[in-house]
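Participant: Dropping the structure in here first, questions after.
Please treat every number below as a calculation from the coordinates, not as lab data. Given the structure is predicted, the values throughout are model-derived calculations rather than measurements. Cβ: placed from backbone, ideal geometry, glycine included. Neighbour counts: every protein chain shown.
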Amino acid sequence: MQIGKGTLATAILAATLTFGASMPAHAASGIMKIAHALPPAAPRNQGALKVAKLLHADSRCDLKVQVYPSGQLGGTAVLIENLQIGALEMALLPASFLVGFQPLIGIMDFPFFFPRNKEELFKIHRGAAMKKLLATTEEKGIKSLTIWHTGYKAWTANTPLNKLANYKGLKARVMPSKVLIRQDELLGLTPIGMPFAETYSALQNKAIDAQENPIATSFFMKFYEVQKYMALTDHGTLDQVIMLGKKWYDGQTSDCRQAIGEALQEGGKLTSDLTYKVIDKAMAAFKKAGMKVVTTSDADYAEMRAKVLPGVEKFYVEQNGARGKEILEAFKKELGM
C-alpha cells in the first residue's frame, strides 16, 4: 500500500488543506499553530486537524488554528524551544524527545512497565501519577495537558527480535532518551543516535540493524521495505505528549482553555481509533512486502522484562534522585506493582 493513494490518506490530506494554512475568512485573528513530525496521513495529524476544526467552530475561543505536519516548523528541539519562547503554541511529540529538558519525563519510555491492554493504559494516562508527571514541564515553560495514544512499540530487524538472545550485538537506532539508551544496552544492543528522517536509509544501508516504533509509524515510514521481520513485543509505548507554550496558554480565557481541553480529548480519541485502523492496513502491507510478523510468548516477554526493567528503574532514580523515586513509586502504586 502506498501512502496517499488510499481513501484514508486522501481524506486526511484533504483535511490538511482545508484546516491548515487556509482557514475560512471568518476565523478570528488569534493564531494557534500545531506542529508535529509525522506525515499528513498519520493518525496524529488527523487528530490535530480535529482539534483545529473544533476550536475554529467554538465561540469560546478566538483562534485561527493551523496544523503543520512533517517537521515543517523544525525538528523536535526547535519545536520545544519555540514553545518556550512563544513562537509556537502547540506541539505533539513523543515523550522520548522531552527528556533532554525534563529528565523526569523519561519514565514514559520505561520498557515492560505500562499495561499491555490499551484500556488499562488509558486509566494510567488519566491518573494522578501522570498528572503529577506532566506538571513538571511547567518548570520549563511548557504546559503539558494530556497524552495521545499512538500504539505499542514493536521492533523491526532482519532477525526476529521476539527473543532476548537475538538482540545481542545488533546496532539499533535510539531516540534521544537516556532511558532508552539504557534499555538498549541491557538488551545487548549497541544504541546509535540519529535523526528520525535518516532511519530508513540507515536500515537500507545496514549502518544500523534495528529500530523500535509503534506499528503505524513503521508503516508510514515504510520500514517494511528494508526490514525482514517485525516482532510484536508490546514492550512500551511512544505516546504523544500534547504540549503548549505555558505563557500563551495562561493568556487564554478560562472558557477558551476549557474548549482547548475538550478539543484535545476528541482529537486524542480520534488519533487512537485511527491508529488501530491503520494497524490493520499495515499488517496487509507487511505481508505483501514479504515482512514476517512474529509474536512474543509470555515466557520470552518475562525474560526480557526481568533483564531490562530493574536496571532501567535503578538508572531513572539515580538520574532524578528523590523526585524520580517519588514519581516512580506513584506510578507503581497505580499499576499495582
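Participant: What translational diffusion coefficient, in µm²/s and rounded to a whole number, does the Stokes-Einstein relation yield for the range 43-82 at 37 °C and a viscosity of 0.692 mPa s, taking the hydrodynamic radius as the Kirkwood radius over Cα pairs?
Facilitator: 288 µm²/s
Participant: Right, next: For the range 277-337, what class follows from the C-alpha gyration tensor (a ≥ b ≥ c being the square roots of its eigenvalues): rounded when a/c is under 1.5, otherwise prolate if a/b is larger than b/c, else oblate?
Facilitator: prolate
Participant: Next question. Distance between Cα centroids, the range 58-89 to the range 126-204: provide it in whole Å.
Facilitator: 24 Å
Participant: Listed here are the pairs Lys118/Lys287; Lys143/Lys168; Lys132/Lys206; Lys53/Lys277; Lys281/Lys307; Lys228/Lys314; which of them are more than 31 Å apart at the Cα?
Facilitator: Table pairs above 31 Å Cα-Cα are Lys143/Lys168; Lys132/Lys206; Lys281/Lys307; Lys228/Lys314.
Participant: Looking at Ser201, Ala284, Cys61, which one has the Cα that reaches farthest to the positive end of the dipole of the chain (charges on Cβ: Lys, Arg +1; Asp, Glu -1)?
Facilitator: Of the candidates, Ala284 comes out farthest on the positive side.
Participant: For every helix of n ≥ 4 consecutive DSSP H residues, a contribution of -39,500 (n - 2.57) applies; sum these over the chain, divide by its total residues, and give [θ] at 222 nm rounded to the nearest 500 deg cm²/dmol.
Facilitator: When only DSSP H runs of four or more count, the value is -15000 deg cm²/dmol.
Participant: Amide H of Thr190 versus every other amide H placed in the peptide plane: which residues, excluding those fewer than 5 positions away on the same chain, fall under 5 Å?
Facilitator: Gly169, Leu170, Lys171, Ala172
Participant: Can you run phi through the Karplus equation (6.51, -1.76, 1.60; θ = phi - 60°) for the range 296-306 and list ³J(HN,Hα) in whole Hz, with x for Gly and Pro?
Facilitator: My calculation for the range 296-306 gives 10, 5, 4, 5, 5, 4, 5, 5, 5, 4, 5 Hz in order.
Participant: Moving on to the next point. Treating only the Cα positions of the chain as identical point scatterers, give the base-10 log of I(q)/I(0) from the Debye formula at each q in 0.12, 0.13 Å⁻¹.
Facilitator: Computed log10 I(q)/I(0) values: -0.84, -0.99.
Participant: About the Cα centre, and with charges only on the beta carbon of Lys, Arg (+1) and Asp, Glu (-1), how big is the dipole of the chain? Nearest 20 debye, please.
Facilitator: In debye, rounded to 20, the chain gives about 460.
Participant: Before anything else, pin down the relative contact order of the range 61-189: Cα pairs under 8 Å, at least 6 apart, normalised by residue count, whole percent.
Facilitator: 24 percent
Participant: Using Cα positions and a limit of under 19 Å, work out the aspartates and glutamates in reach of Lys325, with same-chain residues fewer than 8 apart set aside.
Facilitator: Asp109, Glu139, Glu313, Glu334
Participant: While we're on this one: Take every Cα pair under 8 Å in the range 195-286 that's 6+ residues apart, average their separations, divide by the length, and report that relative contact order as a whole percent.
Facilitator: Contact order relative to length: 36 percent.
Participant: Amide H of Lys33: which non-local residues (sequence gap of 5 or more, or other chain) have their own amide H closer than 5 Å, using H built in the peptide plane?
Facilitator: Gln66, Glu89, Met90
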